[in-house]
Amino acid sequence: LNHKDKEVRLFTSLCCVEVFYLYAPEPPWDSNECISVFEQIISQLSNLAHCHSATQTNYAMYFHILEQLAQVKIGVVLVELIRQGDENALEQLAELTRTLLTLVHKDHPQEVMNNAVSAIAACIDEFDSTIPTAILDEVLLC
């Protein structure tokens with residue numbers, strides 16, 4: 001996850017979202033490992049802000065991470081960790097929400113916005129009654 005080569009980090013993130021897919025709804029990692037995986041996934045997703053077209057380098061891979069996040073509802077893992085009292089999970093979910101809300105530009109295809117909204121909505125829907133203030137702040141400030 002923390003390899004010096006950015007391509008290795010990207011491919012590792014792609015593998016991790018596929019592992020989330022295969023093991024859903026329970027990831028095969030402990031909470032600290034999940035947080036590390038999400039840190040790298042968020043880092044990779046932020047690169048999508050600079051890619052607006054499928055013809056750009058790595059766009060398809062960044063988009064695939066976003067698409068899996070939306071379809072598999074990977075962010076729900078963070079919600080479960082928050083329920084277990086993991087403060088790092090709340091920080092990561094707030095960062096994920098901020099990243100998803102800020103990466104979308106008018107130049108992106110509509111499917112980028114749709115997937116970003118779906119990923120955020122899946123996390124918010126998972127909270128039973130009270131959405132943490134940190135998450136609401138990110139949504140309202142954007």
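The values are calculated or read from the model by the stated rules, or taken from the named source; none is laboratory data. Bear in mind that the values here come from a model prediction, so they are computed numbers and not experimental data. Cβ atoms come from the backbone with ideal geometry, glycine included; neighbour counts cover every protein chain shown. Please note that ligands, DNA and RNA were not included when accessible areas were found on the heavy atoms of the full protein model with its side chains. Shrake-Rupley method; radii C 1.70, N 1.55, O 1.52, S 1.80 Å.
For the pair GLN110 and HIS64, label points projected 7 Å from Cα toward Cβ lie 2.5 nm apart. Here each label is just a point 7 Å from Cα along the line to Cβ, and for ASN32 and ARG83 those points are 2.4 nm apart. Enclosing the Cα atoms of region 57-130 in their convex hull gives a volume equal to 91 cubic angstrom per residue.
Separation of region 96-142 and region 2-69, taken as the distance between their Cα centroids, equals 17 angstrom. Label separation (TYR21 vs ASP5): 2.3 nm, computed from points 7 Å beyond Cα along the C-beta direction.
Let a ≥ b ≥ c be the square roots of the eigenvalues of the Cα gyration tensor of the chain; is it rounded (a/c under 1.5), or, if not, prolate (a/b larger than b/c) or oblate? Cα axes put the chain in the oblate bin.
Any idea what % of Cα-Cα pairs in region 1-54 are farther than 15 Å?
Details: 725 of 1431 pairs.
Every Cα pair in region 1-54 considered, those over 15 Å come to 51 percent.
Within the accessible surface of the chain, defined with a 1.4 Å probe on protein heavy atoms only, the carbon and sulfur portion equals 52 percent. Rolling a 1.4 Å probe over the protein heavy atoms gives region 1-113 an accessible area of 52 Å² per residue.
Based on DSSP H runs of at least 4 residues, each adding -39500 (n - 2.57), what is the mean residue ellipticity at 222 nm of the chain after dividing by all its residues, to the nearest 500 deg cm²/dmol? Intermediate results must be reported in sequence, preceding the final value.
Values: 7 runs with 98 residues, N = 142.
Result for the chain, helices only: -22500 deg cm²/dmol.
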